[in-house]
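Student: One structure follows; several queries about it will come next.
The values are calculated or read from the model by the stated rules, or taken from the named source; none is laboratory data. Keep in mind that this is a model prediction, so the values were computed, not measured. Virtual Cβ from ideal backbone geometry, glycine too; neighbours counted across all protein chains shown. The protein model used for the area step is the full one, side chains on, heavy atoms only, and it has no ligands, DNA or RNA in it. Shrake-Rupley method; radii C 1.70, N 1.55, O 1.52, S 1.80 Å.
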Amino acid sequence: MITIKPVTETIDALIKVPGSKSYTNRALITAALAGGASTITNALFSDDTKYMAASLNVLGISVEGQQDANKFIVHGKGGTIPAKQANLFVGNAGTAMRFLTAMLTLGNGVYEVDGVPRMRQRPIQDLLDGLRQLGADVVSKNNDSCPPVIVRGKGLQGGLTVVKGDLSSQYFSALLMTSPYAKEDVIIEVKGNLVSKRYVDMTMALMHAFGVQVENHDYKRFIVKSGQRYQATNYEVEGDASAASYFFAAAAITGGKVRVVGMGSNSLQGDIHFVAVLKDMGCQVTVGSNWIEVQGGELRGVDIDMGDMPDVVQTLAAVSVFAQGKTRVRNVKNMRIKETDRIAAVVNELRRMGITAVEYEDGFEIAPSPPQAAEIETYDDHRMAMSFALIGLRSDGIAIKNPECVAKTFPDYFQRLEALRGGKNTI
């Protein structure tokens with residue numbers, strides 16, 4: 001457990017956050033499917049990306065990790081998977097589970113992908129159904145629509161698949177990244193509305209960087225022409241907008257100023273738009289080509305649809321505690337199938353601090369009040385730990401249980417937060 005101490009000096013810091021987890025894991029998959037060696041620089045080294053790299057190595061696709069240099073070198077096999085059998089363990093890395101499940105359909109053998117107990121509660125049936133429509137042999141081992149997953153690889157035929165859009169954009173990213181190696185063109189139709197569209201934008205942009213084109217018909221239909229192949233390349237990962245959100249929120253909560261470098265106006269990451277929410281709440285926001293700056297101000301509550309950036313909802317909850325007026329978050333029902341039920345977890349932990357919070361099926365409402373000292377449960381969810389720690393920058397007695405869970409995406413988060421709290425200018 002770690003206790004967060006309130007700030008003693010006004011925050012005024014320049015920060016370079018780690019590379020994007022989303023881009024790093026996508027780049028590892030596309031590089032593995034490319035022919036030849038690709039170098040991924042400014043890569044994130046965390047539990048999630050290490051599970052991905054380790055799984056690729058088990059499959060016979062060599063991945064060299066140079067953590068000191070934040071670099072992966074991936075020796076792609078041109079769309080083939082050398083291993084004929086493998087048991088892969090991905091912890092609680094949802095991207096690794098979904099992306100690998102799709103990729104393994106290209107192999108010629110039997111593969112099992114499993115994770116921690118929470119992963120065995122996270123649904124994956126819609127992805128399995130989508131892959132089956134393309135000719136894959138994939139099943140939930142326990143017939144409960146959740147991992148572990150068994151893939152009997154025999155190549156992917158292709159054709160038309162229809163997938164519900166309301167649960168996870170990662171299903172679509174998994175299908176898209178695998179589709180170039182199908183025997184026929186792949187047409188992916190979205191049933192309903194697609195959540196978290198920006199993550200699909202990221203996937204398509206990364207595929208383009210590796211030489212593959214996707215036709216996007218207004219997020220209702222995606223077409224990937226057969227016969228395209230990823231080309232080995234050198235790919236630089238931009239900073240992680242989700243990680244940056246905590247430092248932007250720290251500025252908002254304390255009335256300080258934070259500039260994050262390594263991302264800017266051209267970023268496709270959906271979570272970069274969290275700064276627009278902070279602006280609506282009363283902060284000053286300035287955006288450059290390769291940096292974003294937030295200056296805290298008098299905060300006010302908001303009523304907002306966060307469907308395109310669910311990973312920063314917990315960060316918003318922490319900021320909302322110090323706003324004037326209620327905050328209502330909507331359209332984030334898919335948060336319930338993340339590392340924990342994040343809607344319930346947010347409400348439970350706010351109530352633990354004496355703050356009035358109401359849970360809805362698709363979100364929550366917060367009525368701000370001064371937080372009471374509390375030991376915060378993290379539910380082994382890195383985002384619960386990182387977001388609720390921010391409340392301690394302004395309120396005494398906030399302690400975070402199991403702080404080690406941040407290793408999933410941001411291993412040195414608490415060291416960085418302490419440097420920020422202590423008045424360090426460059427972090």
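Student: So how many residues does region 293-339 have that are part of a loop (DSSP other than H, G, I, E, B) and either open to solvent by 50 Å² or more (accessible area, probe 1.4 Å) or among the acidic types (Asp, Glu) (or both)?
Tutor: Matching residues across region 293-339 total 5.
Student: Out of the residues in region 217-270 that are surrounded by 19 or more Cβ atoms within 10 Å (Cβ to Cβ) and among the aromatic types (Phe, Trp, Tyr), which is farthest from Tyr413 (Cα to Cα)?
Tutor: Phe222
Student: Sort out for me the strands (runs of 3 or more DSSP E) sitting completely within region 220-264 that have 2 or more residues that are under 26 Å from Phe210 (Cβ atoms).
Tutor: It comes to 221-224, 234-236.
Student: Now for a different question. Out of Glu184, Glu189, which single residue is farther than 26 Å from Val277 by Cα, open to solvent by 10 Å² or more (accessible area, probe 1.4 Å) and part of a strand (DSSP E or B)?
Tutor: Selected residue: Glu189, the only one of Glu184, Glu189 that is farther than 26 Å from Val277 by Cα, open to solvent by 10 Å² or more (accessible area, probe 1.4 Å) and part of a strand (DSSP E or B).
Student: Select from region 192-201 the residues that are open to solvent by less than 40 Å² (accessible area, probe 1.4 Å), in a helix (DSSP H, G or I) and touching a helix residue (DSSP H, G or I) at 6+ places or on another chain (Cβ under 6 Å) and write down the one among them that is nearest to Leu131 (Cα to Cα). First the steps, then the outcome.
Tutor: Applying the first criterion (open to solvent by less than 40 Å² (accessible area, probe 1.4 Å)) to region 192-201 yields 194-196, 199-201.
From what is left, the residues that are in a helix (DSSP H, G or I) are 199-201.
With touching a helix residue (DSSP H, G or I) at 6+ places or on another chain (Cβ under 6 Å) added as a condition, the list becomes 199-200.
Working: Tyr199: 20, Val200: 17 Å.
This residue is Val200.
Conditions (1) aromatic (Phe, Trp, Tyr); (2) within 28 Å of Val17 (Cα to Cα); (3) in contact with a Pro (Cβ under 8 Å, 6 or more places away or on another chain), marked per residue:
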position	(1), (2), (3)
Ser46	no, yes, yes
Thr49	no, yes, no
Glu64	no, yes, no
Gly78	no, no, no
Pro82	no, no, no
Val113	no, no, yes
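Student: Consider Glu418 against the criteria (1) part of a helix (DSSP H, G or I); (2) farther than 21 Å from Val7 by Cβ; (3) open to solvent by 10 Å² or more (accessible area, probe 1.4 Å): it satisfies all of them except one. Which criterion is unmet?
Tutor: For Glu418, the failing item is (2).
Student: Here is a check on your reading of the model: is Met177 within 21 Å of Asp129 (Cα to Cα) and assigned to a helix (DSSP H, G or I)?
Tutor: In short, yes.
Student: State yes or no: is Asp303 under 20 Å from Phe388 (Cα atoms) and not hydrophobic (A, V, I, L, M, F, W, C)?
Tutor: no
Student: Can I ask one more? Which of the helices (runs of 4 or more DSSP H) contained wholly in region 1-120 include at least 2 residues that are surrounded by fewer than 22 Cβ atoms within 10 Å (Cβ to Cβ) and under 23 Å from the mean Cα position of the chain (by Cα)?
Tutor: Answer list for region 1-120: 47-58.
Student: Among the residues of region 306-324, write down those that are over 20 Å from the mean Cα position of the chain (by Cα) and of a type outside the set (A, V, I, L, M, F, W, C).
Tutor: Ser320, Gln324
Student: Within region 351-361, identify whether any single residue is touching a Leu at 6+ places or on another chain (Cβ under 9 Å), at pLDDT 95 or above and surrounded by fewer than 16 Cβ atoms within 10 Å (Cβ to Cβ), and answer yes or no.
Tutor: Taking region 351-361 as the starting set, the residues that turn out to be touching a Leu at 6+ places or on another chain (Cβ under 9 Å) are 356-357.
Restricting the remaining residues to those that are at pLDDT 95 or above gives 356-357.
With surrounded by fewer than 16 Cβ atoms within 10 Å (Cβ to Cβ) added as a condition, the list becomes 356.
Scanning region 351-361, I find at least one residue that is touching a Leu at 6+ places or on another chain (Cβ under 9 Å), at pLDDT 95 or above and surrounded by fewer than 16 Cβ atoms within 10 Å (Cβ to Cβ), so the answer is yes.
Student: Okay, moving on. Need the failing condition index for Met204 against (1) out of contact with any strand residue (DSSP E or B) (no Cβ under 6 Å at 6 or more places or on another chain); (2) surrounded by fewer than 17 Cβ atoms within 10 Å (Cβ to Cβ); (3) at pLDDT 95 or above, just the number.
Tutor: It fails just one condition, (2).
Student: Right, next: If a residue has to be among the hydrophobic types (A, V, I, L, M, F, W, C) and either within 22 Å of Pro403 (Cα to Cα) or without any contact (Cβ under 8 Å) to a residue 40 or more places away in the chain (or both) to count, how many in region 2-19 make the cut?
Tutor: The number of residues fulfilling the criteria is 5.
Student: Going by what's in this entry, would Ser387 be described as under 22 Å from Leu299 (Cβ atoms), of a type in the set (Ser, Thr, Tyr) and surrounded by fewer than 24 Cβ atoms within 10 Å (Cβ to Cβ)?
Tutor: no
Student: When you go through (1) in contact with a strand residue (DSSP E or B) (Cβ under 9 Å, 6 or more places away or on another chain); (2) open to solvent by 40 Å² or more (accessible area, probe 1.4 Å) one by one for Gly135, which number turns out not to apply?
Tutor: Exception for Gly135: condition (2).
Student: Right, another one. Answer yes or no as to whether Arg342 is in contact (Cβ under 8 Å) with a residue 24 or more places away in the chain and farther than 30 Å from Arg26 by Cα.
Tutor: no
Student: Quick one: is Leu160 open to solvent by less than 10 Å² (accessible area, probe 1.4 Å) and touching a residue at least 24 places away in the same chain (Cβ under 8 Å)?
Tutor: In short, no.
Student: Could you check how many residues of region 354-403 are of a type in the set (D, E, K, R) and without any contact (Cβ under 8 Å) to a residue 40 or more places away in the chain?
Tutor: Matching residues across region 354-403 total 5.
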